[in-house]
Amino acid sequence: MPHAALAHPPRWLTASQLHPAPTAAVRDWLFNEDSLTRRLTALSANGFSVTPLQEGWQRLRNDECSALGVASGSQGWVREVYLRGHGQPWVFARSVAARSVLEGSGLALEQLGSRSLGELLFSDRAFDRGELQVCRYPALWLPADARSERLWARRSCFSRGPLGVLVAEVFLPTFWQHAGIDP
């Protein structure tokens, strides 16, 4: 799908910029800095799994280039997965890293398979996590089987030296239902 299909990309906002603020339960999931993988594993009573949807080199979106501090139109590694609880897709995750710094960094994103990128980033103390930002994620950016308007998403950049890995996580309706939260 062409990137130009979205006339108005979302505005990613920090907790202090978000007005009106969502409920405390929603904020807890959007702005909690612990590993989402660990939280989903606990919520699912160890029924957590990762399903890769697509990964490979492609042109990064402008908002991703800006967040990573690379030129607009840069190439990067893009990995899209579902984070599942009890087999249901709970979260759509899109992780990107600019080719210019990923190659030669020693981080082998292409070898993750069905392992969680979050676990890798949280287990490597060399990575620093940037501030969490949230938005209402554009439906056009979601996989066809998960398209829904105004879903809450969050993102943050994990940095190790010049390498930045931007991780965006979109909370799907099945997640909120299981968690018993009205988003």
For this session: Sort Thr23, Thr41 so that the residue with the fewest other Cβ atoms within 10 Å of its own Cβ comes first and the one with the most comes last.
Result: Thr23, Thr41
For this session: Would you work out the charge dipole size for the stretch 16-179 about its Cα centre, treating the Cβ of every Lys and Arg as +1 and the Cβ of every Asp and Glu as -1, and quote it to the nearest 20 debye?
Result: 160
Problem set entry | Point-to-point label distance, Ala108-Arg39, nm (Cα→Cβ direction, 7 Å offset) | 3.1
Problem set entry | Modelled FRET efficiency - R0 35 Å, Asp182 with Arg59, Cβ distances, 0.05 increments | 0.40
Exercise. Which of the trypsin sites (Lys or Arg not before Pro) found in the stretch 79-149 are loop residues per DSSP with 13 or fewer other Cβ atoms within 10 Å of their Cβ?
Worked result: Arg115, Arg125, Arg147
Seminar exercise, completed: Among [x] 111, 35, 34; [y] 51, 48, 34; [z] 43, 37, 32, the entry matching Cα extents along the principal axes in Å as calculated here is [z]
Exercise. What does the helix-only formula give at 222 nm for the chain: each DSSP H stretch with n ≥ 4 adding -39500 (n - 2.57), the total divided by the residues, and the result rounded to the nearest 500 deg cm²/dmol?
Worked result: -5500 deg cm²/dmol
Exercise. Any idea which of Val134, Gly56, Pro9 is furthest toward the positive side of the dipole for the chain, if Lys and Arg beta-carbons carry +1 and Asp and Glu beta-carbons -1?
Worked result: Pro9
Exercise. What GluC sites (Glu not before Pro) in the stretch 5-104 are in a loop by DSSP, with at most 16 other Cβ atoms within 10 Å of the Cβ?
Worked result: Glu33, Glu103
Seminar exercise, completed: In order over the stretch 65-73: 3J(HN,Hα) from phi, Karplus 6.51/-1.76/1.60, θ = phi - 60°, whole Hz, x for each Gly or Pro, gives 4, 4, 5, 8, x, 10, 4, 4, x
For this session: Using a Förster distance of 45 angstrom, determine the FRET efficiency expected from the C-beta separation of Asn46 and Glu149, and round it to 0.05.
Result: 0.90
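Any read-out appearing in this document is the output of simple, stated calculations on the displayed coordinates, not a laboratory observation. Because the structure is a prediction, the values reported are computed rather than measured. Glycine also receives a Cβ, built like all others from the backbone with ideal geometry; neighbour counts cover every protein chain displayed.
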